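The values are calculated or read from the model by the stated rules, or taken from the named source; none is laboratory data. None of the values given here were measured: they were computed from a predicted structure. Methodologically, a virtual Cβ is constructed for each residue, glycine included, from the backbone with ideal geometry; neighbour enumeration extends over all protein chains shown.
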Amino acid sequence: HSNREMWFQDLFPPNMCPINAKTFYGIMFDAGSTGTRIHIYTFVQKSPEILPELEGEIFESVKPGLSAYADQPEKGAESVKRLLDMAVDAVPPHLWKKTPVVLKATAGLRLLSEEKAQALLSEVKEVFEKSPFLVPEDSVSIMDGSYEGILAWITVNFLTGQLSGQNQHTTGTLDLGGASTQITFLPRFEETLKESPRDFLTSFEMFNSTYKLYTHSYLGFGLKAARLATLGALNTEVADGQMFRSSCLPKQLEAEWHFGGVKYRYGGNKEGETGFKPCYLEVLKVVKGKLHQPDEIRGSSFYAFSYYYDRAADTNLIDYEQGGVLEVRDFERKAKEVCDNMERFSSASPFLCMDLTYITALLKEGFGFRDNTLLQLPSGLQSCGHPHRSME
Ligand SMILES: Nc1nc2c(ncn2[C@@H]2O[C@H](COP(=O)(O)OP(=O)(O)O)[C@@H](O)[C@H]2O)c(=O)[nH]1
Ligand SMILES: [Ca+2]
């Protein structure tokens, strides 16, 4: 063995090709309410005393999310298995047993009943057990909402280099998912810490600094869940054939929609009003007085991604690839344009007016942002699907 190393070393000076560099892998699933994503990370540790570096990532996603299989848990697990089979091809066999596989589910499963969520999670765990990978004890679980907000905040502030060095200036994050929405920021004023609900404040250690963050995940306030809430269909027993109507939808629309394993029939207001004004009143019922409004953020610039990004890109408020910066009022202006000219937007999703109006109400009446508050929509955080229109 050693003479092989010697031979190898003659070809490359030791520092150029560290023989003892260790390559290892990690498999992470993000089980979101609208889709399941796999990230297969490759790490290289050049020598035992330095931190491993991320060298590569394979990413793939499937729709719908696990919660769509609420009544067929084994089929839900099957969608995870199809993704996991990719990892079998990507990771060298001799490393399989040392490659941990983890799945964290978010609000899609939080909205399901305990037993349906558990049934899905245990089917997924079985798929993991049958795979050649290392399955840690708590490898399949529902992620706590606070953790979800903090992870996004760390990710964005780390990627934008705001966590290194002394400049402790950080930027708040807004994540609009399908079933929940998160708001996270580092309070600057003592007043905020005093007037915020206890469970909105979480402190943690990182890079030998202590961060006391304000974070909350509002369950049922994700974009898709908010559609149901606006229609009056969230958390209600849906009578068979029941029609849900809204002035946010095209007048002539009659359609049906499946979310969380339930079928909903919905349509426009044939007789009643249609357009931004009546629509805004409807979505206000969903957000008015329901969210905590920390005073210090009214004018602060935040990062916004997931559906904030998707809808801004879909309506050319920002460039799909480059991302961009916009003001809260830009969403309102676009919502008015779409809602008051629905026939012009017939090729888009029938929910476009409702989605943009909800985003406007969520930002202004929900969180209390001003019209001229700046939102940064960073590229790279856009919808993690392929560069397709995410207009479903
Ligand atoms: N860029 C990016 N977009 C994502 C990612 N995860 C989810 N999204 C987008 O966020 C939106 C819905 O979020 P999802 O995670 O399914 O809902 P949640 O379970 O309520 O967080 C969809 O437009 C997704 O494409 C991600 O890792 N990166
Ligand atoms: Ca998510």
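Numbers at a glance
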| read-out | value |
| --- | --- |
| Within the stretch 205-236, considering residues that are of a type in the set (S, T, N, Q), closer than 27 Å to G260 by Cα and assigned to a loop (DSSP other than H, G, I, E, B), the one farthest from ligand 1 (Cβ to nearest atom) | T236 |
| Residue satisfying all of: in the stretch 187-199; assigned to a loop (DSSP other than H, G, I, E, B) and over 25 Å from the mean Cα position of the chain (by Cα); farthest from L151 (Cα to Cα) among these | F189 |
| One residue from G324, G260 being over 17 Å from T357 (Cβ atoms), within 16 Å of ligand 2 (Cβ to nearest atom) and either of a type in the set (D, E, K, R) or within 25 Å of the chain's Cα centre (by Cα) (or both) | G260 |
| Candidate set: the stretch 338-385, residues that are within 17 Å of the chain's Cα centre (by Cα) and at pLDDT below 95; chosen: the one surrounded by the fewest Cβ atoms within 10 Å (Cβ to Cβ) | G380 |
| All positions within the stretch 134-159 that are of a type in the set (V, I, T), within 15 Å of ligand 2 (Cβ to nearest atom) and within 21 Å of P73 (Cβ to Cβ) | I142 |
| Exclusive hit being under 22 Å from T34 (Cβ atoms), away from ligand 1 (no atom under 16 Å from the Cβ) and free of Cβ contacts under 8 Å to residues at least 40 places away in the same chain, set K75, K97, K81 | K75 |
| Test for T315: is it surrounded by fewer than 23 Cβ atoms within 10 Å (Cβ to Cβ) and modelled with pLDDT of 95 or more | yes |
| Restricting the stretch 93-111 to residues that are within 14 Å of K224 (Cβ to Cβ) and assigned to a loop (DSSP other than H, G, I, E, B), the residue that is nearest to ligand 2 (Cβ to nearest atom) | T106 |
| Selected residue (criterion: nearest to T173 (Cα to Cα)) from residues of the stretch 285-341 that are hydroxyl-bearing (S, T, Y) and more than 16 Å from ligand 1 (Cβ to nearest atom) | S301 |
| Count of residues meeting criterion [at pLDDT 95 or above, surrounded by 18 or more Cβ atoms within 10 Å (Cβ to Cβ) and hydroxyl-bearing (S, T, Y)] in the stretch 138-163 | 1 |
| Tally, over the stretch 315-335, of residues that are closer than 14 Å to S379 by Cα and not polar (S, T, N, Q) | 9 |
| Meets criteria (under 25 Å from T99 (Cβ atoms), within 14 Å of ligand 1 (Cβ to nearest atom), within 24 Å of the chain's Cα centre (by Cα) and touching a residue at least 40 places away in the same chain (Cβ under 8 Å)) for E148 | yes |
| Residue within the stretch 66-78 that is outside any strand (DSSP E or B), away from ligand 2 (no atom under 16 Å from the Cβ), of a type in the set (S, T, Y) and more than 21 Å from D144 (Cβ to Cβ) present | yes |
| One residue from F259, F276 being of a type in the set (F, W, Y), within 16 Å of ligand 1 (Cβ to nearest atom) and surrounded by 15 or more Cβ atoms within 10 Å (Cβ to Cβ) | F259 |
| Odd one out for T202, checked against (1) within 16 Å of ligand 2 (Cβ to nearest atom); (2) out of contact with any Phe, Trp or Tyr (no Cβ under 8 Å at 6 or more places or on another chain); (3) more than 14 Å from P294 (Cβ to Cβ); (4) in a strand (DSSP E or B) | (1) |
